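The values are calculated or read from the model by the stated rules, or taken from the named source; none is laboratory data. All values reported here derive from a predicted model rather than from experimental measurement. Virtual Cβ from ideal backbone geometry, glycine too; neighbours counted across all protein chains shown.
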Amino acid sequence: MPLIAPSILAADFGRLAEEARNVVAAGADWLHVDVMDGHFVPNLTLGPDIVGALDRATDVPLDVHLMIEEPEKYIEAFAKAGADYITVHQEVTDDLEGLFQLIESHGAKAGVAINPDTQIETVSPWIDRAALILVMSVFPGFGGQKFMPVALDKLRLLSGLKKRQGSSCLLEVDGGINPENVKLVLDAGVDVVVAGSAIFGSGDYPGTIGAMRAAA
Ligand code: DX5
Ligand code: ZN
């Protein structure tokens, strides 16, 4: 069964703790927390203090997606704030092992993300090392964008590798996912589905999360 990780970027930031509690009560497995620095992506969102508030508001794993340059400067703060998974972008580093060790040294699980125009070969060798590989199905920066099918072949390749190598790495997809297209990524072998606007824009959190899970 897929894990459903609502992206709080699409939540009402004026009621963030309440929204987090509601979506968890509606069946969310994780909370996906989008961190943006206005440099790696053309948007600014939130920092460790908001992660801390979410950690106090719910008990589900916090899946922190760092869309930032120089993540090494902030990993400790996000881990201490309660991040369970910390995912960095392959595009911002030539020392992924160093970032992974830094994340793990602070007690979080290490993930790597790739943009739609980044080749899967840049991360597929990490399938036995990473706790999570995040395949972006939109260009990062904003919620509410259209799903990009280029993610499907990447997920299928990773899923095949995972089976052949007996890897426990979780495969995650993020961007433009909704109850109508989620079966595409489930059939491609994804383990964790991120959805923001499809859930928070639906007015029916249990129904939308249930529909996504039922597509499996
Ligand atoms: C985009 C973020 C995604 C986004 C998902 O930069 O990484 O997590 O919030 O939102 P939807 O599901 O609306 O595309
Ligand atoms: Zn994200």
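Listing for the model above:
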item: Filter result for residue 158 (under 23 Å from residue 23 (Cα atoms) and of a type in the set (A, V, I, L, M, F, W, C)); result: no
item: Matching option when the condition is surrounded by fewer than 17 Cβ atoms within 10 Å (Cβ to Cβ) and within 16 Å of residue 35 (Cβ to Cβ), among 89, 106; result: 106
item: Of residues in the range 107-149 being under 30 Å from residue 202 (Cα atoms) and among the aromatic types (Phe, Trp, Tyr), the one farthest from ligand 2 (Cβ to nearest atom); result: 147
item: Selected residue (criterion: nearest to the chain's Cα centre (by Cα)) from residues of the range 29-53 that are in a loop (DSSP other than H, G, I, E, B) and away from ligand 2 (no atom under 14 Å from the Cβ); result: 29
item: The range 198-208 - residue that is part of a helix (DSSP H, G or I) and within 14 Å of ligand 1 (Cβ to nearest atom) and, of those, nearest to residue 149 (Cα to Cα); result: 198
item: Unique residue being small (Gly, Ala, Ser), within 14 Å of ligand 1 (Cβ to nearest atom) and modelled with pLDDT of 95 or more when the list is 211, 195, 130, 188; result: 195
item: Hits in the range 30-44 - residues which are surrounded by fewer than 19 Cβ atoms within 10 Å (Cβ to Cβ) and within 16 Å of residue 11 (Cβ to Cβ); result: 43
item: When residues of the range 171-185 are limited to those that are outside any helix (DSSP H, G or I) and more than 9 Å from ligand 1 (Cβ to nearest atom), the one surrounded by the most Cβ atoms within 10 Å (Cβ to Cβ); result: 173
item: The range 1-22, residues that are more than 15 Å from ligand 2 (Cβ to nearest atom), modelled with pLDDT of 95 or more and either over 19 Å from residue 138 (Cβ atoms) or among the β-branched types (Val, Ile, Thr) (or both); result: 12, 13, 14, 15, 16, 17, 18, 19, 20, 21, 22
item: The listed residue being among the acidic types (Asp, Glu), touching a residue at least 40 places away in the same chain (Cβ under 8 Å) and either out of contact with any Phe, Trp or Tyr (no Cβ under 6 Å at 6 or more places or on another chain) or closer than 17 Å to residue 132 by Cβ (or both), out of 104, 70, 91; result: 91
item: Some residue of the range 47-61 being crowded, with 21+ Cβ neighbours inside 10 Å, touching a Ser or Thr at 6+ places or on another chain (Cβ under 8 Å) and not basic (Lys, Arg); result: no
